[in-house]
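See below for the structure under consideration.
Any read-out appearing in this document is the output of simple, stated calculations on the displayed coordinates, not a laboratory observation. The model shown is predicted, which means the values in this text are computed figures rather than measured ones. Positions of Cβ are backbone-derived with ideal geometry, glycine not excepted, and every protein chain shown enters the neighbour counts.
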């Protein structure tokens, strides 16, 4: 008997996924799996099915990250089916290695031009982008935001990709962006049609001479937020919570931007060494004193800011 993947999805989709673009993508993934199963007359869900799906996706040119997203949706559906007794055993979970692709984010000049050009088309597009940059929200999260979700200088996103709500504090300009649309019915950006926003985004992108930049998409505003937080010295765990990343691995994509944090490590070690030197002098340890003084008189190269190791 052929596997009825579509009927399983029809039974449980409303339980497993919230309405939105992610659920529409999941529906497409499930339909693709169902068509593959029927075409190849597969009757058992096992590791062989997963292996064949991976080979099929690769033959279509799907990247490992795309394959992982498709398999994750499939596994989620299968886990629910197993609990309901519709299948006896789950196949082995497979997650393919993903390359750390270049993270594209806005420069300050790009942001200035983008906001100005979008504002000339519709002020709501500009305000939406400001909100996305300063909250790290996904476009769908912002469009679904209701007026009641904003209170005491914070915004709560209830409909998220991970299924977990999160609350973030608002910057001054994010507060202004929301206030500009406080009289809109439902929520500040619920009147914005995503298709219209993308149309005007792409038009402005072309005006900026970036038509060939495939990474210049609205989601890069989320990358921009994360990048600026890391560059400002915010630790990765806080950035993870701010953006609602499910795992720290997702946040680690931005870790290379925190180069200035390394200077703080050296400063901390200098303070520790200086404290040890003082303690040694107080204890009257001749060997320690000799080592300390040798360090103070060292002709070793200075650090970038002029400090020497052991210097107080």
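Can you work out the FRET efficiency for the pair residue 278 and residue 255, with r the C-beta to C-beta distance and R0 = 51 Å, to the nearest 0.05?
In this case the efficiency is close to 0.90.
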Q: Over the stretch 39-104, calculate the relative contact order: mean separation of alpha carbon pairs under 8 Å at least 6 apart, over the residue count, as a percent.
A: 42
Q) From the square roots a ≥ b ≥ c of the eigenvalues of the alpha-carbon gyration tensor of the stretch 1-66, which class results: rounded (a/c under 1.5), prolate (a/b over b/c), or oblate? A) oblate
(Q) Once you place label points 7 Å from the Cα toward the Cβ at residue 62 and residue 268, how far apart are they in nm? (A) 4.2
(Q) Can you tell me the orientation of helix 220-231 relative to the chain, as the angle in degrees between its alpha-carbon axis and the longest Cα principal axis, to the nearest 10? (A) 20
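Run lengths n ≥ 4 of DSSP H only: what is the helix-derived mean residue ellipticity at 222 nm for the chain, with -39500 (n - 2.57) per run over all residues, to the nearest 500?
Values: 14 runs with 174 residues, N = 312.
Only helices count here, giving -17500 deg cm²/dmol.
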Q | the chain: relative contact order as a whole-number percent, Cα under 8 Å and 6+ apart | A | 14
Q) So how do 219, 22, 200 line up by other beta-carbon neighbours within 10 Å, fewest first? A) 219, 200, 22
Q. For the Cα atoms of the chain, what angle does the longest principal axis make with the long axis of helix 123-135, in degrees from 0 to 90, nearest 10?
A. 60
Q. Pairing the Cα long axis of helix 261-283 with the longest principal axis of the chain, what angle in degrees results, from 0 to 90 and rounded to the nearest 10?
A. 40
Q. If the chain between residue 51 and residue 111 were fully stretched, how many nm would it gain, using 0.36 nm times the residue separation less the Cα-Cα distance?
A. 17.2 nm
Q: Sticking with the crude label model, points 7 Å out along Cα→Cβ, report the distance from residue 83 to residue 16 in nm, one decimal please.
A: 1.1
Q. Measuring from centroid to centroid over Cα atoms, what is the spacing of the stretch 81-137 and the stretch 1-59 in Å?
A. 24
Q.
Taking 2.2 N^0.38 Å as the expected size of a compact globular protein, what ratio does the Cα radius of gyration of the stretch 148-196 give against it, to two decimals?
A. 1.21
Q | Residues 234, 248, sorted so that the one with the fewest Cβ neighbours within 10 Å comes first | A | 248, 234
Q: Between 279, 134, 172, find the one with the highest GNM mean-square fluctuation for the chain; connect C-alpha pairs within less than 10 Å.
A: 279
**Q.** Net length gained if the chain between residue 210 and residue 39 were fully extended (0.36 nm per residue, minus Cα distance)
**A.** 57.4 nm
Q | For the chain, built as a Gaussian network whose Cα springs stay under 10 Å, the top-fluctuating residue of 253, 83, 121 | A | 83
